[in-house]
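K.L.:
This is the structure, below, for whatever I ask next.
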Amino acid sequence: MASILEKHDSEIYELIVKEESRQNGSIRLIPSENYVSKAVMSATGSILTNKYSEGYPGRRYYEGQQITDIVETTAQERAKKLFGVEHVNVQPYSGSIANLGAYLALVEPGETIMGLALPDGGHLTHGWKVSTTGKIFNSVQYSVNPETGRFDFDKIAELAKKHKPKIIITGASAHPREIDFEKFGEIAKDVGAYHIADIAHIAGLVAGGVHKDPVPYSDIVTTTTHKTLRGPRGAMILCKEELAKQVDKSIFPGLQGGPHMHTISAIAVALGEASKPAFKEYARQIIKNAKVLAERLLEHGFELVSGGTDNHLILIDLRNKEIPSKKLSKALDKAKIVTNCNSIPNDPASPFNPSGLRLGTPAITTRGMKEEQAKQIADYINQVTENIDNESVIETVAKEVSELCAQFPVADYFVA
Ligand SMILES: *Cc1c(COP(=O)(O)O)cnc(C)c1O
């Protein structure tokens with residue numbers, strides 16, 4: 001495949017080769033990123049990209065769906081089994097569309113939705129003001145306690161009673177603690193709201209049985225498929241049978257046209273991998289690695305939002321280090337440690353140069369790194385932080401990181 005591209009379009013081929021070497025030669029700590037298996041990649045790059053399949057299995061607008069119907073049904077069945085749900089829509093192009101689709105399946109524009117504020121770890125699509133979800137709905141935002149970094153359920157319940165939202169959205173992009181979906185479910189029930197749990201980041205942890213399951217406590221669960229779940233870029237909406245029709249209509253024809261069948265086939269492959277025992281071990285190791293990384297960072301005097309982590313993600317509060325997060329993330333990138341700067345709860349700084357640095361362990365765990373390497377990575381981060389303006393130290397770290405990466409090649413893995 002690669003050589004065909006090389007012959008046909010060397011310009012793009014070379015960019016892909018360079019990006020591959022960047023991905024393999026650096027420590028990827030962005031918690032939403034991962035490495036998919038060659039099997040997932042192969043399905044993503046398959047001839048299924050050639051087919052138009054508007055509609056749903058058995059109810060398509062165009063002919064020639066003998067195979068695509070089975071592909072989509074297989075993805076649905078695997079997701080239903082893995083997450084224990086009655087219905088699943090595997091067509092959303094991304095997590096953002098899945099969320100908008102879920103909201104529009106339940107309420108009309110102008111009605112009230114309530115989600116976690118972006119600087120407090122929520123996602124743009126949870127009703128943040130610059131997102132369409134913050135514009136077409138009456139959006140009320142809850143926050144975490146800025147002292148503890150944790151949810152204050154009494155305050156959230158109070159806010160819900162005051163605003164009577166039609167939907168309460170839970171889930172996060174930057175929350176280092178396990179989310180108590182049951183508690184949120186109760187708050188939603190008390191005010192007659194639907195509860196939508198967005199598990200984009202933690203889907204792999206839920207599937208691996210190392211995070212509380214939102215399914216019993218929510219009306220709809222949305223997720224991306226490319227973060228801890230380790231599939232292609234895409235999304236799913238999971239729900240009870242009674243909401244199936246509304247959800248499906250909301251995605252197609254509500255928001256989308258033809259589903260991306262190559263992606264759906266790759267989602268099926270990823271779901272197959274996630275149902276194997278080895279995936280449970282993977283999910284456990286993600287958390288073990290994150291805990292060791294967090295502990296070592298604390299030993300180095302870093303402050304962490306909420307004081308640590310229960311999941312795959314760590315949020316450093318850099319204020320005591322007096323280094324702008326953008327400067328640190330750029331220096332780390334030079335040292336081949338790839339992170340992203342991130343707002344922290346009650347952040348006094350601007351979102352373009354916020355006070356936090358977000359780290360996560362899904363990608364390093366995929367390439368086989370364990371506690372020892374997690375600790376080493378924390379030491380590297382500290383070394384760069386302490387020598388932020390020292391080019392030669394940063395270069396030395398970069399060299400050591402390259403050597404570490406060479407010991408943990410992003411080989412193809414087969415999830416047995
Ligand atoms: C990543 C993410 C999304 C959006 O997914 P995209 O595929 O980038 O559109 C939605 N919700 C949460 C909580 C996320 O972390």
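K.L.:
Which whole-number value in Å³ per residue fits the convex hull of the alpha carbons of the range 70-196?
P.N.:
Per residue, the Cα convex hull of the range 70-196 comes to 116 Å³.
K.L.:
Compute the relative contact order of the chain as a whole-number percentage, counting only Cα pairs closer than 8 Å that sit 6 or more residues apart in sequence.
P.N.:
After rounding, I find 22 percent.
K.L.:
Ranking request for peptides 337-349, 318-330: highest mean number of other beta-carbon atoms within 10 Å first, then the rest in descending order.
P.N.:
337-349, 318-330
K.L.:
Quick one: order 74, 222 by neighbouring beta-carbon count within 10 Å, fewest to most.
P.N.:
74, 222
K.L.:
Tell me the relative contact order for the range 277-407 as a rounded percent, counting alpha carbon contacts under 8 Å between residues six or more apart.
P.N.:
This gives 28 percent for the range 277-407.
K.L.:
Sticking with this structure for a sec: Step through the table entries 183/326; 18/280; 80/227; 183/321; 189/249, compare each Cα-Cα distance with 27 Å, and write down the pairs that go over it.
P.N.:
183/326; 18/280; 183/321
K.L.:
Then there is this: Which FRET efficiency, nearest 0.05, do residue 162 and residue 22 yield, Cβ-Cβ r, R0 56 Å?
P.N.:
Once rounded, the FRET efficiency stands at 0.70.
K.L.:
At residue 178 and residue 408, where each label point lies 7 Å from the Cα along Cα→Cβ, what is the point-to-point distance in nanometres?
P.N.:
So the label points at residue 178 and residue 408 sit 2.4 nm apart.
K.L.:
Assign unit charges at the C-beta atoms only (+1 for Lys and Arg, -1 for Asp and Glu), then state the dipole size of the range 42-274 relative to its Cα centre in Debye, rounded to the nearest 20.
P.N.:
340 debye
K.L.:
Only sites in a loop by DSSP and with at most 11 other Cβ atoms within 10 Å count here; which GluC sites (Glu not before Pro) in the range 78-155 make the cut?
P.N.:
Counting only loop positions with at most 11 other Cβ atoms within 10 Å, the GluC sites (Glu not before Pro) in the range 78-155 are 147.
K.L.:
Is the shape of the range 263-303 best called rounded, prolate or oblate, per the rule: a/c under 1.5 gives rounded, else a/b larger than b/c gives prolate, else oblate, with a ≥ b ≥ c the square roots of the Cα gyration tensor eigenvalues?
P.N.:
Verdict is oblate for the range 263-303.
K.L.:
Might you report the magnitude of the Cβ-based charge dipole of the chain about its Cα centre, with Lys and Arg at +1 and Asp and Glu at -1, to the nearest 20 debye?
P.N.:
In debye, rounded to 20, the chain gives about 400.
K.L.:
Calculate the tail of P(r) for the range 278-324: the fraction of all Cα-Cα distances greater than 18 Å, expressed in %.
P.N.:
Tail of the P(r) past 18 Å holds 33 percent of the pairs.
K.L.:
A follow-up question, please. In a GNM of the chain with a 10 Å cut-off on Cα contacts, which of 63, 72, 33 has the highest mean-square fluctuation?
P.N.:
Comparing 63, 72, 33 in the GNM, the peak value goes to 63.
K.L.:
How large is the Kirkwood hydrodynamic radius of the range 42-274, in angstrom, based on all distinct alpha carbon pairs?
P.N.:
17.7 Å is the Kirkwood radius here.
K.L.:
In what sequence, highest mean first, do 121-130, 152-161 appear when ranked by Cβ atoms within 10 angstrom?
P.N.:
Peptide ranking by packing, descending: 121-130, 152-161.
K.L.:
Give, in whole angstrom and from largest to smallest, the semi-axes √(5λ) of the equivalent ellipsoid of the chain, with λ running over the eigenvalues of the Cα gyration tensor.
P.N.:
33, 29, 18
K.L.:
In whole Hz, with x marking every Gly and Pro, tabulate ³J(HN,Hα) for the range 195-208 from phi via Karplus 6.51 cos²θ - 1.76 cosθ + 1.60, θ = phi - 60°.
P.N.:
3J(HN,Hα) across the range 195-208, in whole Hz: 10, 10, 9, 9, 9, 3, 6, 9, 3, x, 6, 5, 4, x.
A short reminder: the numbers here are calculations on the coordinates, not readings from a lab. Worth saying up front: this structure is predicted, and the values here are computed from it rather than measured. Here Cβ is always computed from backbone atoms with ideal geometry, including for glycine, and neighbour counts include all displayed protein chains.
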